[in-house]
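Enquirer: Structure incoming, see below.
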Amino acid sequence: MAPYDTDQKISVWGFGGKINGQVSHCFALNMNEDNPEVNGVEGIMSAYDEAFNTVTLSGPTLFSQVLSTASAIAASQEDQNAYSILLILTDGVINDMESTKKSIIQACHTPLSIIIIGVGDADFSQMEELDGDGGVLQIDGEKATRDIVQFVPMRQFDGVPQAHIAKETLAEVPPQFLHFMRIKGIRPNPKMVLQEEEDKEEDLPTYDDLVAAQSPQSNNSNASSPVLSSPPRGPKPLPANWIVQDDGQGTVWYFNTVTQETQWDRPQ
């Protein structure tokens, strides 16, 4: 996910750690509570390694505090048209399942997606419930307004190329992002055209120019009239319910508005 972060400033928290004898379920991994951001993936790995000098692993495993923190940050950045992704690495079951469900349902209203990576051979059935693929997440009569959780058990990807793992991990993010933007009525900004592209477009002949260039240049009645071809045709229209998406960085994918399916190849 790091390539999608333009400034490479990534907030990193730990949970289930004992610091100075106190168990914390949401602490800045770089030990700077005022600024939990680190620089890129290298910064994450460095903070993780250094944290073991001051942090002792401790249970129980509670998600709700980290979820609430990430949700609050995402909500505070909504007016900037920013969208956040929370990545959680865990090797065990959740001990605050009800609070976690409530936190996720509340986070549905913020520009946030949650990816949970299960590491090891623990029972991850709770994570699959949070994923929401088997039904809408709900608790005490309150339902999630959209699916924002993707669970990925790493044990299913042993020996699989890294690119395939990345594809599976991020598969649900594009439709989740689009769903949020549609709910909020946020439309894409107009495409920005560089000056070089404008100059190129100005140099291109129009269809009228081509017609004029092929018109007879003399009044000779024996001159044969040119046969004008139709303007070049673009690609065939997409099948029903399919739309094309662009991340603004040149990456294009296709999204089915009915099935929520995404794919890289143009549907036929």
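The values are calculated or read from the model by the stated rules, or taken from the named source; none is laboratory data. Source: prediction; values computed, not measured. For neighbour counting, all protein chains shown are included, and Cβ atoms are generated from backbone atoms with ideal geometry for every residue, glycine included.
Enquirer: Please pick out the residue among GLY92, GLY118 that is over 21 Å from THR6 (Cβ atoms), over 18 Å from the mean Cα position of the chain (by Cα) and surrounded by fewer than 17 Cβ atoms within 10 Å (Cβ to Cβ).
Expert: Selected residue: GLY92, the only one of GLY92, GLY118 that is over 21 Å from THR6 (Cβ atoms), over 18 Å from the mean Cα position of the chain (by Cα) and surrounded by fewer than 17 Cβ atoms within 10 Å (Cβ to Cβ).
Enquirer: Under 8 Å between Cβ atoms, which residue pairs at least 6 apart in sequence (or on different chains) link something in region 172-183 that is part of a helix (DSSP H, G or I) with a partner that is surrounded by 17 or more Cβ atoms within 10 Å (Cβ to Cβ) and of a type in the set (Gly, Ala, Ser)?
Expert: From region 172-183, the pairs are VAL173/SER113; GLN176/SER113; PHE177/SER113.
Enquirer: So VAL41 fits all but one of (1) touching a Pro at 6+ places or on another chain (Cβ under 8 Å); (2) surrounded by fewer than 16 Cβ atoms within 10 Å (Cβ to Cβ); what number is the exception?
Expert: Here VAL41 meets the rest and fails (1).
Enquirer: Quick check on ALA82: is it crowded, with 18+ Cβ neighbours inside 10 Å and not in a strand (DSSP E or B)?
Expert: no
Enquirer: Separate question: Please go through (1) modelled with pLDDT of 90 or more; (2) hydrophobic (A, V, I, L, M, F, W, C); (3) over 16 Å from ILE115 (Cβ atoms) for VAL41 and return the number of the only condition it doesn't satisfy.
Expert: Unmet condition: (3).
Enquirer: Same structure, new question: Quick test of your reading of the structure: ALA163 fulfils all but one of (1) assigned to a loop (DSSP other than H, G, I, E, B); (2) modelled with pLDDT under 85; (3) not acidic (Asp, Glu). Name the failing condition by number.
Expert: (1)
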